[in-house]
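The values are calculated or read from the model by the stated rules, or taken from the named source; none is laboratory data. Predicted model only: the values in this text are computed from it and were never measured. Positions of Cβ are generated from backbone atoms using ideal geometry, with glycine treated the same way; all protein chains shown enter the neighbour counts.
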Amino acid sequence: MRLKQILTISTIVAGISLSGNWYVDTPNAKLNFTVEGPFGTVHGSFTGLEATIKFDEKDLSGSSMSASIDAKTVSTGIGLRNRDLRNEEKWLNTDKYPRINFRSRKIEKTTNGYKVIGDLTIKGIVKSAEIPFTFSSKGTTGLFAGHFTINRTDYNLGNAGGSVGSIITIILTVPVKN
């Protein structure tokens, strides 16, 4: 009877680790961005990433990702700029648009890792986005790392032209466990 219980528990644990469900280590997840500003490159970040990740390298068609971040967590290290980014309609207007969301449609293998293709929603505007990423795992932990760019004017962020660059580079470092 004791052996049967041990085998049952081992089967359940093995099933959990092979399920492909990954849980974000939210306090250690990093979502950083850069954009050219009038006085050089502006560096910023968001915190509190919430995500549902089902990723199995052997079953990409059964894999999916969705993620959401609180837009009010935007931080550039300059209080006045942060306030403008959060409050002004031409930027994030976080009272009206509190979340930035991504939902995958497909995940593919690439020569350098993977790419997730999905819908990115900022300020209620939905655009297709491709995010190249790598994934490494060790036991029950893993790390997703990727970066991509968006054109800020596609999401009505700021005014077209002007002293702020059009291209925003987003860098993701997402530790996970299953």
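Would you say LEU80 is in a helix (DSSP H, G or I), modelled with pLDDT of 95 or more and crowded, with 16+ Cβ neighbours inside 10 Å?
no
What strands (runs of 3 or more DSSP E), lying completely within the stretch 113-178, carry at least 3 residues that are surrounded by fewer than 13 Cβ atoms within 10 Å (Cβ to Cβ)?
It comes to 125-138.
Just checking, how many residues over the stretch 85-105 are touching a helix residue (DSSP H, G or I) at 6+ places or on another chain (Cβ under 8 Å) and more than 20 Å from LEU49 (Cβ to Cβ)?
3
Name the pairs: first residue in the stretch 135-161 and at positive phi, second residue surrounded by 14 or more Cβ atoms within 10 Å (Cβ to Cβ) and hydrophobic (A, V, I, L, M, F, W, C), Cβ to Cβ under 8 Å, at least 6 apart or on different chains?
GLY158/TRP91; GLY158/VAL164
I'd like the residue in the stretch 97-138 that is among the small types (Gly, Ala, Ser) and under 12 Å from the mean Cα position of the chain (by Cα) and, out of all such residues, is nearest to THR169 (Cα to Cα).
Within the stretch 97-138, the match that is nearest to THR169 (Cα to Cα) is ALA129.
Could you say which residue among LEU60, LEU85, LEU92 is of a type in the set (A, V, I, L, M), over 24 Å from GLU130 (Cβ atoms) and modelled with pLDDT of 95 or more?
Only one candidate passes the filter, namely LEU85.
Is it true that ALA71 is farther than 29 Å from ASN159 by Cα, touching a residue at least 24 places away in the same chain (Cβ under 8 Å), buried (at least 18 other Cβ atoms within 10 Å of the Cβ) and among the hydrophobic types (A, V, I, L, M, F, W, C)?
no
Answer yes or no: is there a residue in the stretch 84-92 that is crowded, with 17+ Cβ neighbours inside 10 Å and not in a helix (DSSP H, G or I).
Within the stretch 84-92, one or more residues are crowded, with 17+ Cβ neighbours inside 10 Å and not in a helix (DSSP H, G or I).
Which residues, taken from the stretch 19-45, are crowded, with 17+ Cβ neighbours inside 10 Å and within 10 Å of the chain's Cα centre (by Cα)?
Scanning the stretch 19-45 gives ALA29, LEU31.
To keep it simple, each residue is scored yes or no on (1) of a type in the set (Ser, Thr, Tyr); (2) over 25 Å from VAL24 (Cα atoms); (3) at pLDDT 95 or above.
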| site | (1), (2), (3) |
| --- | --- |
| SER68 | yes, no, yes |
| SER75 | yes, no, yes |
| ILE100 | no, no, yes |
| ARG103 | no, no, yes |
| ILE107 | no, no, yes |
| GLY139 | no, no, no |
| PHE148 | no, no, yes |
